[in-house]
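What follows is a short report on a single structure.
The values are calculated or read from the model by the stated rules, or taken from the named source; none is laboratory data. Note that the structure is predicted; figures quoted are calculated from it, not measured. Cβ atoms come from the backbone with ideal geometry, glycine included; neighbour counts cover every protein chain shown. When the accessible area is computed, the model is the full protein with side chains, heavy atoms only, and any ligands, DNA or RNA have been set aside. Shrake-Rupley method; radii C 1.70, N 1.55, O 1.52, S 1.80 Å.
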Amino acid sequence: MERIKCLIAGSGPAGYTAAIYAARANLNPVIYSGMELGGQLTTTTMVDNFPGFPDGIDGNELVSRMKQQAERFGVEVRSGVITKTDFSRRPFVLTIDSDNEVLADTVIIATGASAKYLNIPGEQKYRGSGVSACATCDGFFYKNKEVAVIGGGDTACEEAVYLSGLCKKVSMIVRRDVFRASKAMQERVASKSNIEVLWQCEPLEITGDGSGVTGVNILDKKMAGDESAVSVNGKGGVVRSVPVWGVFLAVGHHPNSEVFKPWINMDGEGYIITEQGGPRTNVPGVFAAGDVADLHYKQAITAAAAGCRAAVEADKFLQTI
Ligand code: NAP
């Protein structure tokens, strides 16, 4: 069975940075890229806050440069998803794509996080035919049409701004009366005349005609005092329909940690708990970096930094065994 000194799971900024550091320390790292090659950066547009790019850089371009840099140091990037783990003994045993077992002396978990869905009626039915979690991937299909973005965080604002350049109108459905997004993002939204923010509105159902989306039914909580108001899940408001061709979900992310659950300590949401917020997990030799272990910052730059720390710790660990 193949034995890998440093196996890195995930191909976002945490995984590539870990790989660059591990390769330069002669750990011969191998990356398994996972389901979303390149991670969340590939679903974003312009990244304006990664140092070193004064004019900003496209997310795909940034991650592809990280890959090139890792490959320059001999990192092997393999496509493959880790489907089973056995961390009960060393070397660890990992199963790739359900049938290929490899051994690893150290593992860096950099599997990131994926978009959350709402679990409301119509969402699964129209996934791929009107419901999307990636404006840069699917926005093109809604050129000059009306769309909705659900959420009020940085992702929602970024998606709305991107879509405003393509679509006739973007309705942002925000459940509170404030954004969660940063001030800079809020200002970008405010500068677009074709974005309308529907404050205090909860999405209830995505409606369609069988082949595509026709609208979103929302509970407008601002109208709780109206005579036509009803109560839904204990919240008062008026149910109304927003006619749109596409619905973009931007309601946060969940960590991709399921396959490590039998061995690695996690919180209730599946975020990996590390020692003092550093890269060490409860299993010596297994490290975590990036969004899979970061409930707070979730930035490309913090993920990259965590990847660096994980590789440095993996190197130290290998010197002790
Ligand atoms: P987020 O910050 O967790 O925001 C999620 C948004 O979705 C919130 O507005 C939340 O409302 C709303 N939401 C959650 N569940 C909902 C539901 N069931 N119905 C309706 N609305 C719901 O997630 P994010 O925007 O994906 O951002 C994640 C992290 O990445 C953040 O740290 C963010 O700063 C970062 N990020 C940064 C950039 C950048 O700097 N360029 C770009 C994208 C993301 P509430 O506010 O009411 O909870």
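Listing for the model above:
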| quantity | calculated |
| --- | --- |
| Some residue of region 253-273 being within 16 Å of the ligand (Cβ to nearest atom), part of a strand (DSSP E or B), in contact with a Phe, Trp or Tyr (Cβ under 6 Å, 6 or more places away or on another chain) and in contact (Cβ under 8 Å) with a residue 24 or more places away in the chain | yes |
| Among residues of region 91-120, those that are part of a strand (DSSP E or B) and open to solvent by 40 Å² or more (accessible area, probe 1.4 Å), counted | 2 |
| Residue in region 81-90 that is farthest from the chain's Cα centre (by Cα), counting only those that are of a type outside the set (S, T, N, Q) and surrounded by 19 or more Cβ atoms within 10 Å (Cβ to Cβ) | Phe87 |
| Hey, Val77 open to solvent by less than 20 Å² (accessible area, probe 1.4 Å) and either of a type in the set (D, E, K, R) or under 20 Å from Val292 (Cα atoms) (or both) or not | no |
| Of the criteria (1) open to solvent by less than 40 Å² (accessible area, probe 1.4 Å); (2) of a type outside the set (Val, Ile, Thr); (3) more than 30 Å from Ala9 (Cβ to Cβ); (4) within 29 Å of the chain's Cα centre (by Cα), which one Trp245 fails | (1) |
| Residue in region 295-302 that is within 21 Å of the chain's Cα centre (by Cα), within 24 Å of Ala70 (Cα to Cα), polar (S, T, N, Q) and within 16 Å of the ligand (Cβ to nearest atom) present | yes |
| First in region 204-220 and without any contact (Cβ under 8 Å) to a residue 12 or more places away in the chain and among the β-branched types (Val, Ile, Thr), second anywhere and buried (at least 17 other Cβ atoms within 10 Å of the Cβ) and not in a strand (DSSP E or B), Cβ under 6 Å, 6 or more apart | none |
